[in-house]
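Any read-out appearing in this document is the output of simple, stated calculations on the displayed coordinates, not a laboratory observation. For clarity, every value in this text was computed on a predicted model and none was experimentally measured. As a convention, Cβ positions derive from the backbone with ideal geometry for all residues, glycine included, and neighbour counts pool all protein chains shown.
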Amino acid sequence: MQFAVFKRGSTFGANGTYTPGTGAPATLAGAVVTSMLRDNRGNKYTLTVTVAPNNLDFTLSYLDTTGWTIGMAVIDLRIKWSASQIQYTQTDYVNVIEEVTTA
């Protein structure tokens with residue numbers, strides 16, 4: 001489990017590296033990777049997932065976070081290798097805090 005603090009209103013960005021589990025493919029090549037952040041009111045935000053050319057590193061991003069609810073949010077990834085092989089990552093936590101400077 002990972003924990004991060006993020007200031008609402010900023011562009012959200014996070015980097016990660018795929019580490020295959022037992023019996024899982026060695027890289028993300030050919031997989032469809034999706035991710036969502038769910039805030040503490042249950043609102044879900046679909047993140048943009050960009051997989052690097054090495055098929056191991058990835059970036060998550062979301063441009064306009066002004067509508068995100070202050071408080072603890074959860075995030076994970078869904079990796080779909082085929083119709084019958086889907087993997088979910090561990091759930092990580094993001095503490096969304098209020099911005100101070102607004103102008």
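Details
- Selection count where residues are exposed (fewer than 14 other Cβ atoms within 10 Å of the Cβ), under 14 Å from Gln90 (Cβ atoms) and touching a strand residue (DSSP E or B) at 6+ places or on another chain (Cβ under 9 Å), scope the range 3-23: 4
- The range 25-35: number of residues that are aliphatic (A, V, I, L, M) and either touching a helix residue (DSSP H, G or I) at 6+ places or on another chain (Cβ under 6 Å) or surrounded by 14 or more Cβ atoms within 10 Å (Cβ to Cβ) (or both): 3
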